[in-house]
Protein chains: 2
Amino acid sequence: MAQKNKLQFIILGLLNQQPLTGYDLTKAFDTEIGEFWQAQHSQIYPQLKRLEEQGYVTHEVTVSGAKLEKKLYHVTPAGGDLLRQWITVGTPDLTATKDEFILKLYFIQTNRDPRLPGMLQEQLQLHTDKLAHLQRRLATVFPDEALIKDHFGHYLILQHALGREHYYVDWLQRTLAALP
Amino acid sequence: MAQKNKLQFIILGLLNQQPLTGYDLTKAFDTEIGEFWQAQHSQIYPQLKRLEEQGYVTHEVTVSGAKLEKKLYHVTPAGGDLLRQWITVGTPDLTATKDEFILKLYFIQTNRDPRLPGMLQEQLQLHTDKLAHLQRRLATVFPDEALIKDHFGHYLILQHALGREHYYVDWLQRTLAALP
DNA sequence: TGAGTCATGTAAAGAGTTACATGATTAA
DNA sequence: TTAATCATGTAACTCTTTACATGACTCA
């Protein structure tokens with residue numbers, strides 16, 4: 001095995017909230033959890049097929065319009081068990097954050113490198129934008145505090161991502177300000 | 001292409017600091033930059049071969065002891081150009097942080113979930129350990145402030161990783177404390 | 001009627017991990 | 001002499017991305 005196929009668990013988790021099509025799942029990877037995992041439809045459709053073969057999900061075909069067929073996937077009891085199991089076992093492996101910018105920084109020798117201000121400024125822009133995006137998203141998903149109660153995990157990770165970006169922006173600003 | 005082969009640039013960057021063997025490079029991925037990228041020797045040796053075929057590195061064979069051959073790799077001028085080019089172009093793509101624990105959290109519905117305290121505590125332990133490890137590492141690599149001058153990038157990313165872990169630990173503690 | 005989106009798949013290739021395989025050197 | 005480390009490679013497999021391919025629906 002190369003990794004551990006986390007994709008299958010994420011799909012199970014998303015389907016466990018509500019039945020979805022492969023297309024819906026693909027969109028969820030852009031918006032809902034795009035902050036923490038990404039997957040294309042070319043990975044999702046085959047995975048759904050495998051999950052169904054293994055008995056963890058089933059699908060029903062619905063028709064919209066004249067003949068467009070949609071496959072709406074549901075989690076089976078066995079799929080629910082698998083999901084609960086994954087969440088319940090420990091998570092002792094911290095994956096390295098693969099941040100290309102940070103890698104480039106590593107190879108900069110001195111604080112006089114003329115590329116440094118530009119590099120930091122570019123990242124500052126990117127992370128400021130991302131921070132703003134997350135702020136909008138928090139306001140969209142949780143317009144009312146009462147909603148947090150039944151989507152506590154979602155709230156937590158949005159809030160975590162927000163804090164993380166806040167730190168990143170802060171750090172970039174401090175680093176820029178300290179440059180000669 | 002699947003990604004963009006960042007590994008080749010990291011290898012060039014490491015070799016640019018000093019000639020190294022494949023074995024040395026493998027170790028560097030555990031210690032030096034393990035925080036930001038990981039690679040096994042099974043990926044490194046073939047990549048070195050490709051870089052040499054493309055003229056970006058060369059190697060000389062040295063013999064230690066009676067017959068153990070080591071291949072010491074150097075960056076060629078073309079390799080140096082490629083490295084500079086990579087560092088100089090923009091880095092506009094922010095990769096999603098693939099944090100398995102955060103993913104699991106997403107699927108927790110309520111703050112009463114009995115698994116929540118245990119999950120958070122486990123991560124608190126892991127990230128506290130990592131924070132301590134980074135602190136030791138900063139003290140080891142930069143025992144004297146004068147050393148920062150010529151290894152500015154290395155200093156920056158260590159300091160960045162430290163701040164990041166600090167935030168993570170803080171967030172876990174705050175989240176744990178806010179639990180009912 | 002045309003553009004944008006909805007919807008589902010497969011193919012090809014590269015990136016990354018785990019396992020297989022071998023042998024030399026060093027220090028206890 | 002033996003265990004740990006140094007040293008280099010390949011094989012098999014999985015994960016991930018990009019590209020190829022097709023067709024229906026909706027709204028302006």
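Can you tell me which residue within the range B:37-56, out of those that are within 9 Å of DNA strand C (Cβ to nearest atom) and free of Cβ contacts under 8 Å to residues at least 12 places away in the same chain, is surrounded by the fewest Cβ atoms within 10 Å (Cβ to Cβ)? Result: B:S42. Note on the range A:1-19: among residues that are among the aliphatic types (A, V, I, L, M), over 26 Å from A:L162 (Cβ atoms) and not in a loop (DSSP other than H, G, I, E, B), the one that is farthest from DNA strand D (Cβ to nearest atom) is A:L15.
Out of curiosity, is A:Q135 open to solvent by 60 Å² or more (accessible area, probe 1.4 Å), more than 24 Å from B:M119 (Cα to Cα) and under 16 Å from the mean Cα position of the chain (by Cα)? Give the steps one after another, and end with the answer.
Values: open to solvent by 60 Å² or more (accessible area, probe 1.4 Å): yes; more than 24 Å from B:M119 (Cα to Cα): yes; under 16 Å from the mean Cα position of the chain (by Cα): yes.
Spelling it out, A:Q135 is indeed open to solvent by 60 Å² or more (accessible area, probe 1.4 Å), more than 24 Å from B:M119 (Cα to Cα) and under 16 Å from the mean Cα position of the chain (by Cα).
Considering each residue of the range A:57-70 in turn, none proves to be closer than 27 Å to A:A161 by Cβ, at pLDDT 95 or above and either more than 16 Å from DNA strand D (Cβ to nearest atom) or away from chain B (no Cβ under 14 Å) (or both). Only residues that are within 21 Å of A:K104 (Cβ to Cβ), buried (at least 16 other Cβ atoms within 10 Å of the Cβ) and within 23 Å of the chain's Cα centre (by Cα) were counted in the range B:57-87, giving 8.
Hey, any hits in the range A:1-24 for a residue that's farther than 30 Å from B:P117 by Cβ, more than 22 Å from the chain's Cα centre (by Cα) and within 12 Å of DNA strand C (Cβ to nearest atom)? Spell out how you get there, then give the answer.
Just the residues of the range A:1-24 that are farther than 30 Å from B:P117 by Cβ, to begin with: A:1-2, A:19-24.
Retained after the next criterion (residues that are more than 22 Å from the chain's Cα centre (by Cα)): A:1.
Imposing the further condition that a residue be within 12 Å of DNA strand C (Cβ to nearest atom) reduces the set to A:1.
Yes, that holds for at least one residue.
Checking each residue in the range A:159-180 for being under 21 Å from B:L124 (Cβ atoms) and touching a residue at least 60 places away in the same chain (Cβ under 8 Å) picks out only A:A161.
In the range A:33-53 there is no residue that is away from DNA strand D (no atom under 16 Å from the Cβ), modelled with pLDDT of 95 or more, under 30 Å from B:G163 (Cα atoms) and at the interface with chain B (Cβ under 7 Å from one of its Cβ atoms).
With respect to the stated conditions, A:I11 fails to be at pLDDT below 95, open to solvent by less than 30 Å² (accessible area, probe 1.4 Å) and not hydroxyl-bearing (S, T, Y). All of A:L162, A:L138, A:L120, A:L126 fail the test of being at the interface with chain B (Cβ under 7 Å from one of its Cβ atoms) and either part of a helix (DSSP H, G or I) or in contact with a Phe, Trp or Tyr (Cβ under 7 Å, 6 or more places away or on another chain) (or both), apart from A:L126.
Take B:K27 and decide whether it is away from chain A (no Cβ under 14 Å), within 13 Å of DNA strand C (Cβ to nearest atom), out of contact with any helix residue (DSSP H, G or I) (no Cβ under 6 Å at 6 or more places or on another chain) and free of Cβ contacts under 8 Å to residues at least 12 places away in the same chain.
Numbers: away from chain A (no Cβ under 14 Å): yes; within 13 Å of DNA strand C (Cβ to nearest atom): no; out of contact with any helix residue (DSSP H, G or I) (no Cβ under 6 Å at 6 or more places or on another chain): yes; free of Cβ contacts under 8 Å to residues at least 12 places away in the same chain: yes.
Taking the combined requirement at face value, the residue does not satisfy it.
Per the conditions (1) crowded, with 18+ Cβ neighbours inside 10 Å; (2) more than 26 Å from B:R84 (Cβ to Cβ); (3) over 19 Å from the mean Cα position of the chain (by Cα); (4) not acidic (D, E), the sole criterion not satisfied by A:W171 is (2).
In the range A:78-88, is there at least one residue being away from DNA strand D (no atom under 16 Å from the Cβ), assigned to a loop (DSSP other than H, G, I, E, B) and assigned by TED's automatic domain parsing to the domain that holds A:Q18? Taking every residue of the range A:78-88 in turn, none turns out to be away from DNA strand D (no atom under 16 Å from the Cβ), assigned to a loop (DSSP other than H, G, I, E, B) and assigned by TED's automatic domain parsing to the domain that holds A:Q18.
Among the residues making up the range B:102-116, a single one is open to solvent by less than 10 Å² (accessible area, probe 1.4 Å) and more than 18 Å from A:N16 (Cα to Cα): B:L116.
For A:G34, the conditions (1) of a type in the set (G, A, S); (2) in a loop (DSSP other than H, G, I, E, B); (3) open to solvent by 60 Å² or more (accessible area, probe 1.4 Å) all hold with the exception of (3). A single entry from B:I148, B:I157 fulfils the requirement of being surrounded by 15 or more Cβ atoms within 10 Å (Cβ to Cβ), in a helix (DSSP H, G or I) and either at the interface with chain A (Cβ under 7 Å from one of its Cβ atoms) or in contact with a strand residue (DSSP E or B) (Cβ under 6 Å, 6 or more places away or on another chain) (or both): B:I157.
The values are calculated or read from the model by the stated rules, or taken from the named source; none is laboratory data. Since this is a predicted model, take the numbers as computed values, not measurements. Reconstructed Cβ throughout: ideal geometry from the backbone, glycine too, with neighbour counts over all protein chains shown. Keep in mind that these areas ignore ligands, DNA and RNA; they rest on the heavy atoms of the full protein, side chains included. Shrake-Rupley method; radii C 1.70, N 1.55, O 1.52, S 1.80 Å.
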